[in-house]
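The values are calculated or read from the model by the stated rules, or taken from the named source; none is laboratory data. Quick caveat: nothing in here was measured; it's all calculated off a predicted structure. Every residue, glycine among them, receives a Cβ derived from its backbone with ideal geometry; neighbour counts consider all protein chains shown.
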Amino acid sequence: MTLYGHEPAGYTLRVGGRLDAHWADWFDGFTVSGEVDGTTTLCGTVADQAQLHRILAKIRDLGLELLSVEASPAISGGAPRRPAIPGTPSPEGSWGSSHRIP
């Protein structure tokens, strides 16, 4: 993503609580997955920073706790690869840059 946010980029967002997969349309087509630890992971590609901020506003409006935001390269035609959930094994290892929300 450029400084001005005009290139597509992939993101993985983790929130506290459970959301069902039917929320995917409301979150601009992001993949919505419930995790065994009771959190929800949203994975997808945004066109620009404005779209990312709209998704973050939806998380806020639902009263969900934002746990982490992880950037990754955009994958054409869909969501980025899902990263490993902390404390669980992953054959791919970690990728992207992660920002934990205090």
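Restricting the range 25-60 to residues that are out of contact with any helix residue (DSSP H, G or I) (no Cβ under 8 Å at 6 or more places or on another chain) and of a type in the set (A, V, I, L, M), the residue that is surrounded by the fewest Cβ atoms within 10 Å (Cβ to Cβ) is V36. Within the range 22-70, the only residue that satisfies the criterion of being assigned to a helix (DSSP H, G or I), of a type in the set (G, A, S) and at pLDDT 95 or above is A57. Count of the range 30-55 residues, restricted to those that are under 20 Å from P73 (Cβ atoms) and in contact (Cβ under 8 Å) with a residue 24 or more places away in the chain, is 15. Summed over the range 30-72, the residues that are within 10 Å of L13 (Cβ to Cβ) and more than 13 Å from the chain's Cα centre (by Cα) give a count of 1.
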